[in-house]
Amino acid sequence: MNRERTHILFFPFMAHGHMIPTLDMAKLFASRGAKSTLLTTPINAKILEKPIEAFKVQNPDLEIGIKIFDFPCVELGLPEGCENVDFINSYKESDSGDLFFKFLFSIKYMKQQLESFIETTKPSALVADMFFPWATESAEKFGVPRLVFHGTSFFALCCSYNMRIHKPHKKVATSSTPFVIPGLPGDIVITTDQANVVVDEETPFGNFWKEVRESEISSYGVLVNSFYELESTYVDFYRSFVAKRTWHIGPLSLSNRELAEKAGRGKKANIDEQECLKWLDSKTQGSVVYLSFGSRASFTNEQLLEIAFGLEGSGQNFIWVVSKNENQGESEEWLPKGFEERTKGKGMIIRGWAPQVLILDHKAIGGFVTHCGWNSTMEGIAAGLPMVTWPMGAEQFYNEKQLTKVLRIGVNVGATELVKKGKLISREEVEKAVKEVLVGEEAEERRIRAKKLGEMAKAAVEEGGSSYSDVTKFMEELNGRK
Ligand code: UDP
C-alpha cells in the first residue's frame, strides 16, 4: 500500500457560511493525518490565511495550505472584487438578486483550473460544495472521488428529498396552507413558502438545482456537519433512501479548541475578545441571551427597532450582533434614542461581526436567538443552548422545525414566512420569546434537553465517538483506494 499522506482538496462556496465550516473540516482532517488543501480565489484566500497560519503555529506537524485560483470578476461581468457572495449584500436590493445568479453561474470559470490542479496533484479526494455540481465530473476524469458538502443537516436534506419526491406543495390551495411532509418520519408540518421549494424546473435556477442533485447522485458520497445521536432517524433515512454513502463528521465548530481559533472564525470581530469575555464573566450563569442572524442577514431599520424595544422590554441581559446592510449607512436610526444608556451593563451591541463560538461557549449565555442557519444551529447545539428560532430563508425553516418540533429545544419568535415577504416581528413577540427561552419551568426543561445534546455533541467528536469513528472510516476508505 502507498504510505503517502492522504491528500484532500476542499473547495468551499465563496460565502462565509460555507467557508467557515469548510476550513473547520480541513483542520479536522489535517488533525487526523491528512494533508488538506483549500481551493479558493485571491480575496477569499486572504480571509482564510490568518486562521490557517494560527492553526499551523499551534500544530507545526500538520499539513494545511491554500491553492489560489484566478477569478477575474470584471471579465466575468461581476463588479470588481466581488469574489464572495457576502459582498453582494452591499449592492442595491434590486441588483443583488441578479448579481447572485450571475455569481453562481460565473464560478464555473474555475473548472479548468480545478482540473489541471487535480491532474498534477492527484489528490485522494475532492470535497466540493454542492454549489459546484460540475466538480463531480472534473474529479471523475482523473479517477478522484468527489464528496459533496451541503453545509446542512440530515433532517433538512431528508425534508428536501421528500418535498421533491412527493411534491405536496402542488396539492395545497395556497403557499401558506400547512401540510405534513409525506414520507418523512415525525409528521413535520410546513408551508410551501417556508419550504422554499424551487418549483419551476425550467428556469436557469431550477435547472441548476437539478444539476446539483444529479451531481450528488453520481458523486462518491456526502459529508455532513452533524452527529449521529442528534438525528439518527434522519441519518438512517438518508442513508436508506437518498445517498447511501454519507459520513457525519460534526459538529465541525468543535475542531476549534483554542481561544484564538474560536475567536478568529470568519471576519475580523468588531469587539476585543478579552473585553467580551470580561463582560460575560461579570454575568451569572445562563443569564444572557445572544442574538445573531448569521453572515448575510440584515434587517430593515423598522425591524431592528422592534428587536431593540423587545430586548429592553424583556429586562434580560443580552449581546446583540447587528450586521447592517451597507445601504443603511452609518446612521443609527435603527436604535431607539437613549437605548444604550438605558441598557448599560445589561446589554451589549456588537456592530458587525462577533466571535460567535467563543460567546456561545461562555457559561453566562443561557439562550441563542438565531436565524437557524445550519452552522449557527449546530454551534448552539454544541454549546448546549436552547434557542429562539427566527428563520428567514434558504433551508432555515427546516432547521427551525427540527429545533422546535423534533429536538424540542427551540421557541419560534413568530417568523412564519420568508423574511423577504416583509412580515414584521413585533417588539412584543421578541420580548415574549426572549423571556420564554430564559425563564420559567418550560425554559428549564428545554435547557436540560439542550444541555444533554451539547454533551452528546462533544462526545461525538472525541475518540470513539460517532463522528470521530465516521472520520476514521472515511479516511480508511480513502487509504484503501491508493
Ligand atoms: N458568524 C460569526 N460571527 C458573526 C456572524 C456569524 O462568527 O457575527 C459565523 C457563525 O458562527 C457561523 C457562520 O458565521 O459559523 C454563519 O453561518 P450560518 O450557517 O449560521 O448562517 P449563514 O451566514 O450561512 O446564513
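The values are calculated or read from the model by the stated rules, or taken from the named source; none is laboratory data. Only a predicted model underlies this, so the values are computations on that prediction, with no experimental measurement involved. Don't worry about glycine lacking a Cβ; one is built from the backbone with ideal geometry, like all the others, and counts go over all protein chains shown. Surface accessibility is based on the protein's heavy atoms, side chains included, excluding ligands, DNA and RNA. Shrake-Rupley method; radii C 1.70, N 1.55, O 1.52, S 1.80 Å.
Brief remarks follow.
- Candidates GLY373, GLY352, filtered to the one that is within 15 Å of the ligand (Cβ to nearest atom), at positive phi and either open to solvent by less than 30 Å² (accessible area, probe 1.4 Å) or not small (Gly, Ala, Ser) (or both): GLY352
- Any hit, region 136-145, residues being within 16 Å of the ligand (Cβ to nearest atom), in contact with a helix residue (DSSP H, G or I) (Cβ under 8 Å, 6 or more places away or on another chain) and not acidic (Asp, Glu): no
Here's the yes/no breakdown for (1) among the acidic types (Asp, Glu); (2) open to solvent by 10 Å² or more (accessible area, probe 1.4 Å); (3) closer than 23 Å to GLY186 by Cβ:
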site	(1), (2), (3)
SER218	no, yes, no
VAL222	no, no, yes
PHE227	no, no, yes
GLU231	yes, no, yes
TYR234	no, yes, yes
ARG239	no, yes, yes
LYS244	no, yes, yes
PRO251	no, no, yes
ASN256	no, no, no
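- Residues that are free of Cβ contacts under 8 Å to residues at least 60 places away in the same chain, touching a Phe, Trp or Tyr at 6+ places or on another chain (Cβ under 6 Å) and in a helix (DSSP H, G or I) within region 1-52 comprise just one, ALA26.
- Extreme residue, farthest from VAL419 (Cα to Cα), among residues of region 293-312 that are open to solvent by 40 Å² or more (accessible area, probe 1.4 Å) and either part of a loop (DSSP other than H, G, I, E, B) or small (Gly, Ala, Ser) (or both): ARG296
- Across region 190-227, the number of residues qualifying as outside any loop (DSSP other than H, G, I, E, B) and in contact (Cβ under 8 Å) with a residue 12 or more places away in the chain comes to 19.
- Count of residues meeting criterion [surrounded by 15 or more Cβ atoms within 10 Å (Cβ to Cβ) and more than 26 Å from the chain's Cα centre (by Cα)] in region 55-83: 1
- Selection from region 358-370 of residues that are within 12 Å of the ligand (Cβ to nearest atom) and either open to solvent by 10 Å² or more (accessible area, probe 1.4 Å) or hydroxyl-bearing (Ser, Thr, Tyr) (or both): LEU358, ASP361, THR370
- Total residues in region 386-399, condition touching a Gly at 6+ places or on another chain (Cβ under 7 Å) and open to solvent by less than 10 Å² (accessible area, probe 1.4 Å): 4
- Residue within region 104-125 that is part of a strand (DSSP E or B), at pLDDT 95 or above and within 22 Å of the chain's Cα centre (by Cα) present: no
- Taking the listed residues GLU442, GLU476, the one that is free of Cβ contacts under 8 Å to residues at least 12 places away in the same chain, open to solvent by 60 Å² or more (accessible area, probe 1.4 Å), farther than 20 Å from MET378 by Cα and in contact with an Asp or Glu (Cβ under 9 Å, 6 or more places away or on another chain) is GLU442, with no other qualifying.
- Taking the listed residues TYR228, TYR234, the one that is under 17 Å from PHE154 (Cα atoms), at pLDDT 90 or above and either in contact with a strand residue (DSSP E or B) (Cβ under 7 Å, 6 or more places away or on another chain) or among the β-branched types (Val, Ile, Thr) (or both) is TYR228, with no other qualifying.
- CYS276 falls short on exactly one of the conditions (1) part of a helix (DSSP H, G or I); (2) free of Cβ contacts under 8 Å to residues at least 24 places away in the same chain, and that condition is (2).
- Residue within region 319-329 that is within 12 Å of the ligand (Cβ to nearest atom) and in contact (Cβ under 8 Å) with a residue 60 or more places away in the chain present: no
- Where strands (runs of 3 or more DSSP E) fall entirely within region 365-482, those with at least 1 residues that are over 20 Å from the mean Cα position of the chain (by Cα) are at 365-370.
- Residue within region 336-348 that is open to solvent by 30 Å² or more (accessible area, probe 1.4 Å), in contact (Cβ under 8 Å) with a residue 12 or more places away in the chain and within 14 Å of the ligand (Cβ to nearest atom) present: no
- Taken together, the residues in region 262-292 that are at pLDDT 95 or above, within 30 Å of LYS421 (Cβ to Cβ) and open to solvent by 20 Å² or more (accessible area, probe 1.4 Å) amount to 0.
- Considering residues of region 401-429 that are within 19 Å of SER176 (Cβ to Cβ) and without any contact (Cβ under 8 Å) to a residue 60 or more places away in the chain only, the residue most open to solvent (accessible area, probe 1.4 Å): LYS420
- Test: PHE205 is surrounded by fewer than 20 Cβ atoms within 10 Å (Cβ to Cβ), under 25 Å from the mean Cα position of the chain (by Cα) and hydrophobic (A, V, I, L, M, F, W, C): yes
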